[in-house]
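Reading through the structure tokens given below for one structure.
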Amino acid sequence: MSNTTSLRLRFWSLLLISAIFSAGVSAAQTPQSHVANTILLNGRVYTLNPHQPWAEAVAISGDKILAVGSIKDISSYRDSSTRVIDLGGRLLLPGFTDCHIHFMDGSLGLTQVILNGAATMAEIQKRVKEYATAHPNETWITGMGWSYPTFAPTGLPDKKFLDEVVPDRPIYLVAFDGHSSWANSKALAMAGIKRETPDPPNGKIVRDNDGEATGALKESAGDLVAKFLPKPSREERLAALRLGMHEANKFGLVRVHSAGQDFEWLDLYDELRRNNELTLRFYVAYFLDPPDLTSDAINKIETARRTYHDEWISGGVVKTMLDGVIEAHTAAMLTPYSDDPTQTGKLFWEPEKYKQTIKELDRRGLQIFTHAIGDRAVRLALDAYEEAKESNHTQDARPRIEHIETISAQDIPRFGKLGVVASFQPLHAYPDDDTLKIWARNVGPERAQRAWVWRSIESTGGLLAFGSDWPVVTLNPWPGVQNALTRQTTEGDPPNGFVPNERISLEDAIKAYTLGAALAGRREKTEGSIEPGKLADMIVLSQDLFKIPPTEIVKTEVLLTLVGGKVVYQSPKWSSISTTPKKESN
Ligand SMILES: [Zn+2]
């Protein structure tokens, strides 16, 4: 009997045993070897495979999952060279995907002043000062993450607070949402902003009673200063990406869908891959600006699709934006804003042009992400996808709508019906003051009943895909999982939850970051669940999400992240990795 035959026999007998005792192992269809490089034993393995939802152990060969089953089943894949990881009863999940991220921006932000979570002026000043002291050679101090409530009652910062800590170097700090910025006196002077400087189109230089700039710059007024910032070098960008990947792996991410400007830097991602440095998988969208799909854009998109199509970096996807945001009244609504009946927002694309563009992209088999926040923009995206599908006879194209903050009731079932993916960022629905006082006021109580309609879309057959929109909010997915279940702040407000009928279950939240995300990125055949033959991308958690109240999920820490069978992140708290096989009961 040849080796192969004996392997086959062994393989089929295993399958047979598993068929007889339905608790059993499932193994890859054509195993190259029955010896695993690594086995993970003694875990609570939540697989997302409906035929085998739970298991105790996983065998890995190369970068793929070889088998999933009981401790006993999986121990048979072990020999003296196998690395054994004892999970100590901990929860093992498929690695998470962030379906909406601005990776380069977020990564560069990690090398600058980070103001997220700085809730007082003293804390902001401390962080700025510490950064300036630690980086004496940086000509500009830049950073991001401040939020409006810190500057109550005006909600806007003032240059004097920055001048107090760093008077001699220019400072430029962007708000968490990217819509406002804050400069010190030195930066305003370097940008030449004076009393007589006019406001730019779509922007506002905030001024005091004497007409002098306060340092707060709204929307495009920030560009007056930003254009003087030194451009990061190639090496600085690469260094930032390394930090970004580490940050992502630390929180359990194994893949991201880039919805921003990362397309311009594909060669940097490729350089990291050639150096074997990638520890995160990238699906990178081309960012298409209105008013037109030019032949130059098509060439770039098609070239990226031809060049990048493997498990680490892939192109072939296009992101475009139909509207702005509710808070600034720039999201396109079907009827006027409740707080200001003169405004309905406005579409960034001329509707017919957008529909033609979608039709052409769909005809080419490219996937599409459309940013649509207002109910009018959401409807136009659905209309365009429906028309493209009919005219091109496309099957299973999975076009996506990103954000979907408001929606007309009649459009909810169209996601399921048309096969359109609903890409949400659960922390955008975090019910803090910004959401409850500004967002909800702007849309009014009737439309607010359909705020971030996760459950309604899912229960009408639509697919959910979750992400963060980092650096707008943290890329840590665990607060997002918690908010998907609670729709409450970590302090428990509002007590009954914000639009509580749109809460979803833990299983469905996990799915939206794993198998749902894989479907949303056309990768479900190789990713998204713990199944033989799929990539060995998995995470070990500090606590069992299925055994704790939803309000504890935010405390989850990732102990171990594996990408392609390799440990790419190991928490300092993880000490039980064993390279020597341990005894276990048979
Ligand atoms: Zn975004």
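Since every read-out is calculated from the coordinates, none of them should be taken as a lab result. As the structure is a computational prediction, the values presented were derived from the model and not from experiment. Cβ sites come from the backbone with ideal geometry, for glycine too, and all protein chains shown count toward neighbours.
Potential lengthening of the chain between Gln395 and Arg169 amounts to 75.7 nm, from the contour at 0.36 nm per residue minus the alpha-carbon distance.
Residue pairs exceeding 32 angstrom between C-alpha atoms, taken from Lys319/Lys525; Lys319/Lys417; Lys160/Lys573; Lys355/Lys555: Lys160/Lys573; Lys355/Lys555.
Contact order, relative form, for the chain: 17 percent (alpha carbon pairs under 8 Å, 6 or more residues apart, mean separation divided by residue count). Mean sequence separation of contacting Cα pairs (under 8 Å, at least six apart), scaled by the length of segment 449-586, corresponds to a relative contact order of 19 percent. With n ≥ 4 as the cut-off for DSSP H runs, can you work out [θ] at 222 nm for the chain, using -39500 (n - 2.57) per run divided by the number of residues, rounded to the nearest 500? Helices in the chain give a 222 nm mean residue ellipticity of -8500 deg cm²/dmol. Between Arg441 and Glu491, the modelled labels are 1.8 nm apart [label points 7 Å from Cα along Cα→Cβ].
With only Cα atoms counted, segment 314-377 has Rg and Dmax values of 13.7, 44 Å. Shape class for segment 415-537, computed from the alpha carbon gyration tensor (a ≥ b ≥ c): prolate, with a/c not under 1.5 and a/b above b/c. Annotation for Gln410 and Ala119: the two label points, set 7 Å from Cα along the Cα-Cβ direction, are 4.4 nm apart.
Which percent, nearest 5, of DSSP beta bridges in the chain are antiparallel? Beta bridges within the chain, antiparallel portion: roughly 45 percent. Measure out, as a whole number of angstrom, how far apart the alpha-carbon centroids of segment 151-175 and segment 211-285 sit. Measuring centre to centre over Cα atoms gives 24 Å.
Using a cutoff of 8 angstrom between alpha carbon atoms and counting only pairs six or more residues apart, the relative contact order for segment 42-180 works out to 18 percent. Return the FRET efficiency for the residue pair Lys160, Asp79: r is the Cβ-Cβ distance, R0 is 60 Å, and the value is rounded to the nearest 0.05. E between Lys160 and Asp79, to the nearest 0.05, is 0.30. Once the chain from Ser70 to Asp292 is taken as fully extended at 0.36 nm per residue, the excess over their C-alpha distance is 74.4 nm. Length gained on full extension, Lys231 to Thr551, computed as 0.36 nm times the residue gap minus the Cα-Cα distance: 111.0 nm.
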